[in-house]
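Accompanying notes for the structure given below.
Every number in this text was worked out from the coordinates using simple rules, so none of it is lab data. Computed from a prediction, not measured in an experiment: that's the story for all the values here. Every residue, glycine as well, gets a Cβ built from its backbone with ideal geometry; the counts of neighbours run over all protein chains shown.
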Amino acid sequence: MPNIVSKQNTHVIFIDNDDSYIRDLLAKLEEVNQYNIKIYSRSRDFFDDFELIKLDKKVTFIVFLSTNLETDEDNNDINVLDVLKRIKKINSQCEVILYSENDDINIVSSAFHFGAYTFIKRNDNLILRIENNILGIISLKNFLLKKDASRRFTRIFLLFFAGVTIILLIFYMLFPHWFSI
């Protein structure tokens, strides 16, 4: 298998208490069947599954997190920033994109502080922004994988060159007459 992130090994997850809205939205997404998409209406259900996932550099997780989440047992709203922090604690490589109908600057700035990839306003352009962010993240992950592979190759080459140089120096010191003209 090539050392790249593809649409097939990209997991796109939506956490939104209005899962019917997300299902309608995904019906408009052209490449919906090429991604591994899951929808959760409760963050608790998401974490039950997410904590069991084995991490891999070639597998990308993109979580679209609504700022309007469910309520807990005491009828208190679940804090989106707490959910974001917990996602990043479980898998720091997971990209989290917040979306909402309103753009509360306090939530947005705090979300960036805690590792959110970006924020999307929930409007007519949402589907296009979802597609562009998914493709952008896949492209970024592939760039980082290629950069890492290039660094490994450079290190191996430098070690090989240093090894050959040391061997030649040893032979030069032991058998100087081999190198004289």
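Would you be so kind as to identify all helices of the chain, as entire DSSP H runs, whose Cα atoms reach 30 Å or more along the helix's own axis and whose mean Kyte-Doolittle hydropathy is at least 1.0? Present the calculation step by step, with values, prior to reporting the outcome.
Numbers: long enough: 126-174 (72 Å, 1.15).
For the chain, where a helix must reach 30 Å along its axis and average at least 1.0, the hits are 126-174.
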Subject >> Kirkwood Rh in Å, taken over all unlike Cα pairs in segment 114-181 >> reply: 16.9 Å
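For the chain, what does the relative contact order come out to in percent, with C-alpha contacts under 8 Å and a separation of six or more?
Numbers: 205 pairs, mean separation 36.6, N = 181.
Relative contact order of the chain: 20 percent.
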Original post:
Under a straight-distance cross-link criterion of Cα-Cα below 26 Å, which lysines are reachable from Lys54, leaving out those fewer than 8 residues away in the same chain?
Top reply: Lys7, Lys38, Lys85, Lys88, Lys89, Lys141, Lys146, Lys147
**OP:** Rounded to the nearest Å, what's the spacing between the alpha carbon centres of segment 138-160 and segment 51-113? Just the number, please.
**Re:** 30 Å
Original post:
Quick one: which of 155-167, 61-73 comes out on top by average Cβ neighbours within 10 Å, and what's the full order, highest first?
Top reply: 61-73, 155-167
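What are the semi-axes of the equivalent ellipsoid of segment 10-145, taken as the square roots of 5 times the eigenvalues of the Cα gyration tensor, listed largest first and rounded to whole Å? Intermediate values should be presented prior to the final figure.
On the way: eigenvalues 88, 64, 49 Å².
Working through the eigenvalues yields semi-axes of 21, 18, 16 Å.
At 222 nm, what helix-only mean residue ellipticity would the chain give, in deg cm²/dmol to the nearest 500, using -39500 (n - 2.57) for each DSSP H run of four or more? Before the final figure, lay out each step's value.
Details: 5 runs with 87 residues, N = 181.
Using -39500 (n - 2.57) per qualifying helix, the result is -16000 deg cm²/dmol.
In nm, what is the difference between 0.36 nm times the number of residues separating Asp56 and Ala149 and their Cα-Cα distance? List each step's numbers first, then the result.
Numbers: separation 93, 0.36 × 93 = 33.48 nm, distance 1.55 nm.
The Asp56-Ala149 span can extend by a further 31.9 nm.
Between beta-carbons, use under 12 Å as the cut-off and find the net charge around Asp103, counting Lys and Arg +1, Asp and Glu -1.
On the way: positive: Lys121, Arg122; negative: Glu101, Asp104.
Within the 12 Å Cβ shell, the charges total 0.
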